[in-house]
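Step one of this worksheet: look at the structure below.
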Amino acid sequence: MSLCKKLGALFILPVMWFSAHIYRRKSTKEKYERLQKWSAFFIKYLGFNIEVEGKDNIPKEGAVLFVSNHQGTLDPAVIISSIDTPMTFISKKENEKYLVFGTWATTIGVIFFNRETREGNIHMLREAAKRLKLGERLLIFPEGTRSWGSKMNAFKHGSLQPAYLSKATIVPITLNNSYNILNKKAKNKNIKITFGKPKYFNDYKKYSYEEMSDILFKEIDKNITHEKK
């Protein structure tokens, strides 16, 4: 990032933080639309373009669990900028401390959890299922951590439990090149996000968590442009 852009970010980030506090009193729709605009603006400010494919695969109504690969720090922003209906996501507790991210995450009701404890994981699964039963839309990264590349980490099978408990629709998401957003030496400035075909409860209820995780893993992986060795 150039010196000019770094200086610009020193102005933009406090404004984004202040905006998060102002919008806490707004409706869910207003909060989300504001964050969506900030997300799209900041990614573009960093010099990246987003190509979206399969947006018509997102159901117009009803509870949805978005299941995505996790390549980089700003993956939630990339996804939020590409989904028009309000949603929130699941994140590790440590991310809550980051000034802008944590403030906006709290504003849109992100589910923070301590992934190092059994109690933390149980709380996350129960809260996610509860939200989905209420018709909300959630994003989860079943790898549990960023891959920082095109090769995915193994999926945690239990991450799909909330979808089964709530009979929510599952929509797989594939991110390409999002790991480069904060890479100063990145030459490829194009990010691609692909929304796969929705999986309705009647489609996946016959599969175990492990079997469905493998199905989603393979579908997401086939849409990734893998790095050349």
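The values are calculated or read from the model by the stated rules, or taken from the named source; none is laboratory data. All values derive from a computational prediction rather than experimental measurement. Quick reminder, even Gly has a Cβ in these numbers, built from the backbone with ideal geometry, and neighbours come from all protein chains shown.
Taking the residues in region 55-71 that are hydrophobic (A, V, I, L, M, F, W, C) and part of a loop (DSSP other than H, G, I, E, B) as candidates, determine which candidate is nearest to residue 158 (Cα to Cα).
Taking region 55-71 first, the residues hydrophobic (A, V, I, L, M, F, W, C) are 58, 63-67.
Add one more test, that the residue is part of a loop (DSSP other than H, G, I, E, B), and what stays is 58, 63.
Values: 58: 23, 63: 18 Å.
The qualifying residue nearest to residue 158 (Cα to Cα) is 63.
All conditions but one from (1) touching a residue at least 60 places away in the same chain (Cβ under 8 Å); (2) within 26 Å of residue 55 (Cβ to Cβ); (3) under 16 Å from the mean Cα position of the chain (by Cα) apply to residue 168; the one that does not is (3). Among the residues of region 79-89, those identified as touching a helix residue (DSSP H, G or I) at 6+ places or on another chain (Cβ under 6 Å) and in a loop (DSSP other than H, G, I, E, B) are 81, 86.
Within region 91-106, track down each residue that is in contact (Cβ under 8 Å) with a residue 60 or more places away in the chain and either over 13 Å from residue 42 (Cα atoms) or basic (Lys, Arg) (or both). Quick ask: steps written out before the conclusion?
First pass over region 91-106, keeping only residues in contact (Cβ under 8 Å) with a residue 60 or more places away in the chain: 99-100, 103-104, 106.
Those that are in contact (Cβ under 8 Å) with a residue 60 or more places away in the chain and either over 13 Å from residue 42 (Cα atoms) or basic (Lys, Arg) (or both): 99, 103, 104, 106.
Listed here are the residues, each with its yes/no results for (1) assigned to a loop (DSSP other than H, G, I, E, B); (2) over 22 Å from residue 132 (Cα atoms); (3) touching a residue at least 40 places away in the same chain (Cβ under 8 Å).
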| residue | (1), (2), (3) |
| --- | --- |
| 31 | no, no, yes |
| 34 | no, yes, no |
| 40 | no, yes, yes |
| 73 | yes, yes, yes |
| 77 | no, no, no |
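Among the residues in region 209-225, are any farther than 20 Å from residue 65 by Cβ and at pLDDT below 95? Yes, region 209-225 contains a residue that is farther than 20 Å from residue 65 by Cβ and at pLDDT below 95.
Being farther than 23 Å from residue 159 by Cβ, touching a residue at least 60 places away in the same chain (Cβ under 8 Å) and not in a loop (DSSP other than H, G, I, E, B) is a property that holds for residue 52. Those residues that are over 21 Å from residue 72 (Cβ atoms) and either touching a Lys or Arg at 6+ places or on another chain (Cβ under 7 Å) or polar (S, T, N, Q) (or both), I need them from region 12-59; list them, please. Answer for region 12-59, where residues must be over 21 Å from residue 72 (Cβ atoms) and either touching a Lys or Arg at 6+ places or on another chain (Cβ under 7 Å) or polar (S, T, N, Q) (or both): 19, 23, 27, 28, 57.
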